[in-house]
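> Pasting a structure here, questions to come.
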C-alpha cells in the first residue's frame, strides 16, 4: 500500500518542500553563522551540480568549474562596482561563463581522460596569473574590494533575504538540471561515457554533446561565483585554487557523481563536517585526499546511490534482473503477421581497400547486400571482416573503393552521419550503458532522429513528452520483435550475454534502419541461444530488412544466410549460396582447415582460435 | 647564456618527473598523477637528513630510495589496483586523492615555508662559457641525463625493459606471453617512487623543499612527457629541457606572469596538433 501511495506523489514535490523549509530557516531565529554556512552550501551545491554533469554523467574529469566560478565572481564584481544591479550582473556572469565554458571546452572535444583533466587543472592554476595580467580591472594580487551590497529592484537585501535568494536559485538550478539529466540528453551522456564509438554508431554527434555538456555545466558555476561575491563583497584571487577543485570533486564523489540532488548532500556533509573542527585547515589537504581515495575505492555511487537503493525497496519499477528472467529458456516467438515491415536498402561495396601503415587489412573487396536477405561474411580471425564493417559504418576511412547505400555514397561521411543515413550495428562485445533500463537503452537509438531542444527538455514541454512516448513505443516494438519485451524495465547492464545480444539487435532495429550490421552476433552463446538469435535474424530479414552478418559459427551462418562471402587475408575468397560455399574446396581448405565432410560440417569453424 | 643554463636546470626537474611518469606508464599503462610528490618528498627527506638528523646528505639517497619505493608500492596496492576494473575515471579520482594526501602530510610535518636543502656537491661556483654555474646544478644536470638515457637503454636492451614495453603495447597479450604483468606494475611504481624520492638531495638545492611544488611540476612534467611522446625517455629529455628553456626565455623577455599562460598555450597546441608527441605512434583501431 505504501509503495502505491508514494508513486502517486509527483517527484518534484520533495525538493520543493525541502526548498521551502530551507528558505524559512533564518526566520526561526537561527544563528547568523549558520545562515552564512547554509548560503555557502547553496552556492557550492550549484558548483558541484555543474561538475556532476561533465564528471558524473559524461565521465570527463574537468575542473573547469573552478575557473568558471572565478570568472562569474570577477564579472559580477567588476560590473557591480561600475554601478550595475545585482541581477543584471549575474545574468552577464552566467552568459560569460557559458561562452568561456564553450571555448575552454573545445580542447576537451579531442582530449579525453588525463589530457582533459590536466588542461583543466592548468586552467585553474592560470587564474592568479590572468588576474595579474589584467590588474587594472581585477585588482591583481590584492583582489577586488568594496563591492556594493546585493540588491533586488534597488532594495538592499539583508543577510537572511540574500540567503533566501541563494536557496531559491539553488532549487531552480537543481530542478532544471534534474529535468535535463532525466531525459534523452542525460542518457546520451551516459552512452557517450560508456563508449564514444557506441554513441556515434547511434547517430549521436559526440562533439556537439560534449560541447553542450561543457557549456551547461559552466552556467551554474558562473552563477555561484556571482553569488559568492554578493555575499562577501570582496574577491581574492587566492580563493580559486586547486584545493577548491579537490573540495568540489570530493563533494561530488561523496554525494554521488551521477546524481543531481547528491551534490547538495555532498557539499553539506563536507562543509558542516569540517566547519566545527577548528584545526581543520591544517588537516584539510590530508582529509580531502583520503576522502577521494576512500570514496573512489569503496563507494562509487555516493550518498545518492545509497538513497536510491533504499528507494528501490519502495518503488520496484527499476528492479534488478530476476534470476528467472536471466535464465529463462525460450521467449515465445510472436506471429510473423505482427511484424511491421522494415524497409531495407541495397548495399553496394566496390573495390574497398584499407591499409594500416602498410598492413593490408582489406584488398579490393566487393560485396552486395539486398533487402529481405541475410548476407554473411565469414573468414578466419584477421581476415578483415570487422575492418569491412568498420569501413561501412564510417569508423575507418577507406584507402580506396567506396560504399553506397540505396545508390548514395556512404564512405567519407563521419560515422554519426552514416548512422543517421540508416546504418545500425551491434558489437562483438555487446555495449549497453550502465544506469539505464533496457527500454531506455533501446530507445537511445532514436535520440539522433527525433532530437528535442534543450529548452523543451528542461521545461518538460509537450514536444519532449511526445518524443519520449514515440521513442518508448518504437523501443517496445523492437523488443517485442526479439522476444525481450518483458525485460523492458530491467537494468540493461546487468543482463546475461545472450539477452544482451538480443537487446543490442533490438536497439539496432529501433532506429528504423535501412541496413543492419551484426558483428559476431553469436559468439559466446550456447546452442539454444544461437538458435533463438538465428530465428530473430531470419524474422528481421523476412520483414524486409537488409542484414549483413559477420559470424564464426559456420552452422548458424549456413542456416540463416541467403548469400555468403568468404574472406581470407583481406581478399574475397568465395561467394555464393550456403550450399555452394559448403561444397567449395578452397573454402574448406583455407577456412575450415579440412576437406568437406558431411558429418563435420556442423562443427564451428573457430576451433583453432 | 645564463637564461639558457637556468632553463636547462629547471628543465631537468621536469625530465626527472617525466621519466618517473614514463616508467609507470610503460609498465602499467597508468599516468601516476602523484609522481611529482615523490620528488617533493625526497627534497624534504634530504632536508631532514642533514638538518634534523645531522647526517651526511649522502644518507638521503638510500633513505629516499627506500621510503619512495615503499610509498610507491602502497599507492599501487591501495589506490590503483582496487579501481583497475572501474575505468579511468575512478583511477583519476583516487590518484588525485593520493597526491593531495601526500601533499597534506608534507604540509603538516614541514609547514608552508620553503626550506633550503643541502645537496651532495660542495658549494663551489665555476664559470663555464661565461656563465656562473654551481656544482649542485652540474650534479643535477649530469644525474638527470645519465638517469634518463640509462632508463631508455635499459627499457630497450634488457628483458625486463622489453617486457615493460610489451605490456604497454597490450596488457593481455603480454600476460599470455608469460609476463607477470601485475608484478611488473608494482615494480614500476616502486622503482619510479624510489628513484624520484632519492633525487631529493640532487634536485633539492635547485628547487628548495616546498610542499606546493608538485602543483605546477605535475603539469609541466606532463607537458614534457606529451611533447616527447608518452613512454619515451629520450623524448622526455627533449621535451623537459625544451620546456625549461622556453619558460626561462619567457621569464626574461616578458615577465613571470606570462610563464603559465604561454605554457598552457603550448600544452594545448601539443595535445591538439600532435597528441602522440615527437616519438609516439597513433592507433587507429577502435572496435
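Nothing in this text is a laboratory measurement; each read-out follows from the coordinates by a stated rule. Because the structure is a prediction, the values reported are computed rather than measured. So basically every Cβ, Gly included, is an ideal-geometry build from the backbone, and we count neighbours across all protein chains shown.
> Please report the antiparallel percentage of the DSSP beta bridges confined to the protein assembly as shown, to the nearest 5.
65 percent
> Test of understanding: extend the Cα→C-beta vector of residue A:453 to 7 Å, then name every residue of region A:184-213 with backbone N under 19 Å from that spot.
Label zone hits: A:184-186, A:208-209, A:212-213.
> If you average the alpha carbon positions of region B:150-194 and of region A:135-161, how far apart do those two centres end up, in angstrom?
Rounded to whole Å, the Cα centres lie 57 Å apart.
> Please list the radius of gyration and Dmax for region A:63-222, considering alpha-carbon atoms only, with Å as the unit.
Rg, Dmax (Cα atoms, Å): 18.1, 55.
> Can you pull a Stokes-Einstein diffusion coefficient for region B:2-273 at 37 °C (0.692 mPa s), Rh from Kirkwood over Cα pairs, as a whole number of µm²/s?
174 µm²/s
> So, one more: Could you calculate the contour length gain from residue B:272 to residue B:73, that is, 0.36 nm times the residue separation minus the distance between their Cα atoms, to one decimal place in nm?
In short, 68.3 nm is gained.
> Please arrange A:562, A:31, A:519 by how many other C-beta atoms lie within 10 Å of their C-beta, fewest to most.
A:31, A:562, A:519
> Exposure proxy check: A:558, A:13 ranked by fewest other beta carbons within 10 Å?
Ordered by Cβ neighbours within 10 Å, fewest first: A:13, A:558.
> Would you please give the FRET efficiency between residue A:408 and residue A:527, computed as 1/(1 + (r/R0)^6) with r the Cβ-Cβ distance and R0 = 41 Å, to the nearest 0.05?
The formula returns an efficiency of 0.55 here.
> To make sure I understand, if each residue's beta carbon is the centre and we count other beta carbons within 10 Å, what order do A:233, B:253, B:232 fall in, fewest to most?
Fewest-to-most Cβ neighbours within 10 Å comes out as B:253, A:233, B:232.
> If you don't mind, there's one more thing I want to ask. Calculate, in nm to one decimal, what residue A:542 and residue A:434 gain on full extension: separation in residues at 0.36 nm each, minus their alpha carbon distance.
35.6 nm
> Next up: What number, rounded to the nearest 500 deg cm²/dmol, is the helix-based mean residue ellipticity at 222 nm of chain B, given -39500 (n - 2.57) per DSSP H run of at least four residues and division by all its residues?
-23000 deg cm²/dmol
> Taking a cut-off of 27 Å, what percent of all Cα-Cα pairs in region A:342-602 are separated by more than that?
I get 38 percent for the Cα pairs in region A:342-602 exceeding 27 Å.
> Now, a different point. With viscosity set to 1.567 mPa s at 4 °C, what whole-number translational diffusion coefficient in µm²/s follows for chain A from Stokes-Einstein and a Kirkwood radius over Cα pairs?
For these conditions, the coefficient is 48 µm²/s.
> Averaging over every viewing direction, what projected area does the convex hull of the Cα atoms of region B:43-143 cover, in nm²?
Computed as one quarter of the Cα hull surface, the answer is 8.9 nm².
> Could you tell me what fraction of 2.2 N^0.38 Å the Cα radius of gyration of region A:346-435 comes to, as a two-decimal ratio?
Cα Rg divided by the expected 2.2 N^0.38 Å: 1.10.
> Going by a ≥ b ≥ c, the root eigenvalues of the Cα gyration tensor, does region B:94-172 fall in the rounded group (a/c under 1.5), the prolate group (a/b larger than b/c) or the oblate group?
The shape class here is oblate.
> Find the Rg to Rh ratio for region A:524-569, where Rh is the Kirkwood radius over alpha-carbon pairs and Rg uses the same atoms.
So for region A:524-569, dividing Rg by the Kirkwood Rh gives 0.97.
> With axes computed from alpha carbons, what is the tilt in degrees of helix A:302-314 against the longest principal axis of chain A, rounded to the nearest 10 within 0 to 90?
70 degrees
> So for the pair residue A:586, residue A:465, with labels modelled 7 Å out along Cα→Cβ, what separation do we get in nm?
6.3 nm
> With viscosity set to 1.306 mPa s at 10 °C, what whole-number translational diffusion coefficient in µm²/s follows for region A:87-161 from Stokes-Einstein and a Kirkwood radius over Cα pairs?
104 µm²/s
> Let me know the Kirkwood hydrodynamic radius for region B:49-89, please, with Cα pairs as the basis and the value in Å to one decimal.
Roughly 12.3 Å, rounded to one decimal.
> So if R0 is 41 Å, what FRET efficiency would residue B:53 and residue A:18 give, r being the distance between their Cβ atoms, rounded to the nearest 0.05?
Rounded to the nearest 0.05, the efficiency is 0.15.
> A follow-up question, please. Counting just the Cα atoms, what span does region A:351-390 cover along each of its three principal axes? Round to the nearest Å and put the largest first.
Result for region A:351-390: principal-axis Cα extents of 38, 21, 14 Å.
> Now, a different point. Can you give the helix-only mean residue ellipticity at 222 nm for chain A, where every DSSP H stretch with n ≥ 4 adds -39500 (n - 2.57) and the sum goes over all residues, rounded to the nearest 500 deg cm²/dmol?
-17000 deg cm²/dmol
> With each label point set 7 Å from Cα along the Cα-Cβ vector, what nm distance links residue B:128 and residue B:146?
Roughly 1.4 nm, to one decimal.
> Calculate the spin-label point distance for residue B:135 paired with residue A:370, positioning each point 7 Å from the Cα along the beta-carbon direction, and give it in nanometres.
8.9 nm
> Could you pull out which residues in region B:260-274 have an amide N less than 15 Å from a spot 7 Å beyond the Cα of residue B:216, following the Cα-Cβ vector?
Answer for this model: B:260-265.
> Using just the C-alpha positions of region A:169-255 as equal point scatterers, what log10 of I(q)/I(0) does the Debye formula give at each q in 0.10, 0.16 1/Å?
Values returned for q = 0.10, 0.16 Å⁻¹ are -0.37, -0.83.
> Take the Cβ-Cβ distance between residue A:294 and residue A:33 as r, set R0 to 35 Å, and report the resulting FRET efficiency rounded to the nearest 0.05.
Efficiency, rounded to the nearest 0.05: 0.75.
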